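**Q** Could you have a look at this structure, given as structure tokens, before my questions?
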Amino acid sequence: MADMDIAVIGLGKLGSPLAAVLASRGHRVVGVDLNPSAVAAMNAGRAPVAEPGLQACIEAAAGRLRATTDFAELAGTDLSFVIVPTPSGPDGRFSNRFVLDAVRRVGEALRCGGRYHVVNITSTVMPGSTGGEIRAALEAASGRVVGRDIGLTYNPEFIALGSVVRDLLRPDMLLIGQSDARAGDVLEAAYRGVVEGDPPVQRMGWIDAEITKIAVNTFVTTKISYANMLSEMCERLPGADVDVVTAALGRDSRIGPKYLRAALGYGGPCFPRDNVALASLARGLGVAADIAVATDAINRRQVDRVVALVQRLAGGPVTVAVLGMAYKPDTPVVDESQGVLIARALAVAGHAVLIADPVALAGAAAVLGEAVTPFGDAAAAVAAAEIVVVTTPDPVFAALNPGCFAAGGTRRVVVDCWRVLPTAVGNVADMVHPGRGEPAHPR
């Protein structure tokens, strides 16, 4: 199929990159969002959100990308991507209220036209949603019948903030839950001219795709928590090194190396809630989701583990520099950030806490408030501290001059959770590497 007219509903952290990537590869894209500032930014050729590679994609899409607050402009499109938030409810399940509002608006825009259109749900939803209340809302609003004169697909992206553009262009697979073959054909054709490397396409029914999305995310988090469990064990075995263990595990083709790195827990806007949602789904079905529950429990205790280590090393109130506030490098997002949680817990324990991060400092400072002191320069934060904790594997921290750890002639204790600092730092500071069976350095 030739280049298409596509609408992207929602110009947030994921929707803006999706719209820009589709347009940069030749499709004509209109972004729709009720936030006028996001629309204005896109129309001015500026990235509405901070994301590596997004601005370049917007510039490459010149003439093929525009934005509006008017859903009526969907009437002239072939395909729409609905990518709006699905916040977790009290029971841990994802709420469809924003999806349903968007779908109703899309349906109303399509009611008067006769052009075949595929509505693609990109937001992560609970199993049963697409074929249930989403389908009902679309048919009621559009006056059309899904599978006959309108298509409905579920196609969640497997992407992470900080690498959204790359993940969109180079997916491991394309997951398509389809109402019918025609709808799936339209969506697959839209991707074929965009993605690189000819990824496999998994086409199936809606509910199988919905389960697959949550299953992929929770399986990945299980690998993370498993590695962290091994890390706790290695710390208590003199001479053991979790990096050696996980490297060997990853060589087994049945396991693989991705996400099998022990350090801190997972964070961000997605992973922490996926196991909770899966467990909630399982309970409703009368199934014991023990693995999901254990994965979440192991993840939650990683902050306490690091804080307890710092407390032992400190022996009393000290000044602690926490390097890394984002939930991962290259993003300003601090949702469920291990660094933020550790900094808050250390402040509550009575320590003077200094924080540094190359892109997420403002967001973290807003969350933590007066409990911490923000430093725009990581080296300066190190120089002002007695204990340093590295909580993200950011290249900025890995490139720190070892000399800053010896500033003022003080011999600091450095807890390198990701084991990324130069080995030379160990010549001027007492290094502690979680996951290695080595004695802690008392103050």
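The values are calculated or read from the model by the stated rules, or taken from the named source; none is laboratory data. Note that the structure is predicted; figures quoted are calculated from it, not measured. Note: ideal-geometry Cβ built from the backbone for every residue, glycine included; neighbour counts use all protein chains shown.
**Q** Which one is surrounded by the fewest Cβ atoms within 10 Å (Cβ to Cβ), of the residues in region 381-435 that are free of Cβ contacts under 8 Å to residues at least 60 places away in the same chain and part of a strand (DSSP E or B)?
**A** 430
**Q** If the Cβ limit is 8 Å and pairs must be 6+ apart or interchain, which residue in region 166-186 that is of a type in the set (S, T, N, Q) pairs with which residue that is in a helix (DSSP H, G or I)?
**A** 178/184; 178/187; 178/206; 179/135; 179/206
**Q** For the condition assigned to a helix (DSSP H, G or I) and in the same structural domain as residue 11 (by TED's automatic domain parsing), what is the one hit in 119, 195, 165, 125? Walk me through how you get there before you give the answer.
**A** Values: 119 fails: assigned to a helix (DSSP H, G or I); 195 fails: assigned to a helix (DSSP H, G or I); 125 fails: assigned to a helix (DSSP H, G or I).
Residue meeting the stated conditions: 165.
**Q** Would you confirm, using the coordinates I've provided, whether residue 246 is in contact (Cβ under 8 Å) with a residue 40 or more places away in the chain and out of contact with any Phe, Trp or Tyr (no Cβ under 8 Å at 6 or more places or on another chain)?
**A** On the way: in contact (Cβ under 8 Å) with a residue 40 or more places away in the chain: no; out of contact with any Phe, Trp or Tyr (no Cβ under 8 Å at 6 or more places or on another chain): yes.
Spelling it out, it is not the case that residue 246 is in contact (Cβ under 8 Å) with a residue 40 or more places away in the chain and out of contact with any Phe, Trp or Tyr (no Cβ under 8 Å at 6 or more places or on another chain).
**Q** Having 2 or more residues that are over 24 Å from residue 152 (Cα atoms) is the bar; report the helices (runs of 4 or more DSSP H) wholly within region 10-96 that clear it. Full working, then the answer.
**A** Details: elements: 15-24, 36-43, 54-60.
Hits in region 10-96: 36-43, 54-60.
**Q** Step by step: first the residues of region 358-380, then only those that are touching a Cys at 6+ places or on another chain (Cβ under 9 Å) and surrounded by fewer than 23 Cβ atoms within 10 Å (Cβ to Cβ), then the one that is farthest from residue 404 (Cα to Cα). Which residue is that? Can you show your working first?
**A** Residues of region 358-380 that are touching a Cys at 6+ places or on another chain (Cβ under 9 Å), as a first pass: 378-380.
Now narrow it down to the ones that are surrounded by fewer than 23 Cβ atoms within 10 Å (Cβ to Cβ): 379-380.
Values: 379: 6, 380: 8 Å.
Taking the candidates together, the pick is 380.
**Q** Ok, one more. Look at region 280-309 and say how many of its residues are touching a helix residue (DSSP H, G or I) at 6+ places or on another chain (Cβ under 8 Å) and more than 21 Å from residue 227 (Cα to Cα). Spell out how you get there, then give the answer.
**A** First, pick out the residues of region 280-309 that are touching a helix residue (DSSP H, G or I) at 6+ places or on another chain (Cβ under 8 Å): 281-282, 288-289, 291-296, 298-299, 302-307.
Then keep just the ones that are more than 21 Å from residue 227 (Cα to Cα); that gives 281-282, 288.
Summing the residues that are touching a helix residue (DSSP H, G or I) at 6+ places or on another chain (Cβ under 8 Å) and more than 21 Å from residue 227 (Cα to Cα) in region 280-309 gives 3.
**Q** Quick one: how many residues across region 140-162 are surrounded by fewer than 18 Cβ atoms within 10 Å (Cβ to Cβ) and either under 25 Å from residue 74 (Cβ atoms) or assigned by TED's automatic domain parsing to the domain that holds residue 259 (or both)?
**A** Qualifying residue count for the region: 6.
**Q** In the list 276, 287, which residue meets the criterion of being in contact with a strand residue (DSSP E or B) (Cβ under 8 Å, 6 or more places away or on another chain) and either modelled with pLDDT of 95 or more or farther than 30 Å from residue 430 by Cα (or both)? Even if it seems obvious, please write down each step before you answer.
**A** Numbers: 287 fails: in contact with a strand residue (DSSP E or B) (Cβ under 8 Å, 6 or more places away or on another chain).
Being in contact with a strand residue (DSSP E or B) (Cβ under 8 Å, 6 or more places away or on another chain) and either modelled with pLDDT of 95 or more or farther than 30 Å from residue 430 by Cα (or both) holds for just one of 276, 287, which is 276.
**Q** Let me spell it out: the conditions are (1) modelled with pLDDT of 95 or more; (2) within 16 Å of residue 84 (Cβ to Cβ), and residue 159 meets all of them except one. Which number is the exception?
**A** Status for residue 159: all satisfied but (1).
**Q** I'm trying to understand the selection: among the residues of region 172-183, which are crowded, with 20+ Cβ neighbours inside 10 Å and assigned to a loop (DSSP other than H, G, I, E, B)? Break it down stepwise before answering.
**A** Of the residues in region 172-183, the ones crowded, with 20+ Cβ neighbours inside 10 Å are 175-179, 183.
Scanning region 172-183 gives a single hit, 179.
**Q** Name every residue in region 249-304 that is small (Gly, Ala, Ser) and outside any loop (DSSP other than H, G, I, E, B), in order of residue number. Give the steps one after another, and end with the answer.
**A** As a first pass, look at region 249-304 and keep what is small (Gly, Ala, Ser): 250, 253, 256, 262-263, 265, 267-268, 277, 279-280, 282, 284, 286, 288-289, 292, 294, 297.
250, 277, 279, 280, 282, 284, 292, 294, 297 - these are the residues of region 249-304 that are small (Gly, Ala, Ser) and outside any loop (DSSP other than H, G, I, E, B).
**Q** Which numbered condition in (1) touching a residue at least 60 places away in the same chain (Cβ under 8 Å); (2) crowded, with 24+ Cβ neighbours inside 10 Å; (3) not in a helix (DSSP H, G or I); (4) not acidic (Asp, Glu) is the only one that residue 355 fails?
**A** Unmet condition: (1).
**Q** Is it the case, given these coordinates, that residue 286 is at positive phi and not basic (Lys, Arg)? Can you show your working first?
**A** Details: at positive phi: yes; not basic (Lys, Arg): yes.
Taking the combined requirement at face value, the residue satisfies it.
**Q** Also: Kindly check whether there is at least one residue in region 332-346 that is in the same structural domain as residue 367 (by TED's automatic domain parsing), in contact with a His (Cβ under 8 Å, 6 or more places away or on another chain) and surrounded by fewer than 24 Cβ atoms within 10 Å (Cβ to Cβ). Please lay out each step first, then the result.
**A** In the first step, residues of region 332-346 are kept if they are in the same structural domain as residue 367 (by TED's automatic domain parsing); the result is 332-346.
Restricting the remaining residues to those that are in contact with a His (Cβ under 8 Å, 6 or more places away or on another chain) gives none.
No, region 332-346 has no match at all.
**Q** Exactly one condition in (1) at pLDDT 95 or above; (2) not assigned by TED's automatic domain parsing to the domain that holds residue 268 is not met by residue 221; state its number.
**A** It is condition (2) that residue 221 fails.
**Q** Only one of these conditions is not met by residue 43: (1) modelled with pLDDT of 95 or more; (2) over 19 Å from residue 85 (Cα atoms); (3) surrounded by 18 or more Cβ atoms within 10 Å (Cβ to Cβ). Which number is it?
**A** So residue 43 meets the others, but not (3).
**Q** Given (1) at pLDDT below 95; (2) within 28 Å of residue 277 (Cβ to Cβ); (3) surrounded by fewer than 16 Cβ atoms within 10 Å (Cβ to Cβ), identify the lone condition not met by residue 167.
**A** Result: residue 167 passes all but (3).
**Q** Considering region 230-246 alone, what residues qualify as being among the aliphatic types (A, V, I, L, M) and either touching a Cys at 6+ places or on another chain (Cβ under 8 Å) or surrounded by fewer than 16 Cβ atoms within 10 Å (Cβ to Cβ) (or both)? Full working, then the answer.
**A** First, the residues of region 230-246 that are among the aliphatic types (A, V, I, L, M): 230, 233, 237, 240, 242, 244-245.
Residues satisfying the conditions are 233, 237, 240, 242, 244, 245.
**Q** Can you list residue pairs whose Cβ atoms sit under 6 Å apart, with the first residue in region 206-219 being within 17 Å of residue 147 (Cβ to Cβ) and the second being among the polar types (S, T, N, Q) and surrounded by 18 or more Cβ atoms within 10 Å (Cβ to Cβ)? Count only pairs 6 or more apart in sequence or on different chains.
**A** Qualifying pairs under 6 Å: 206/130.
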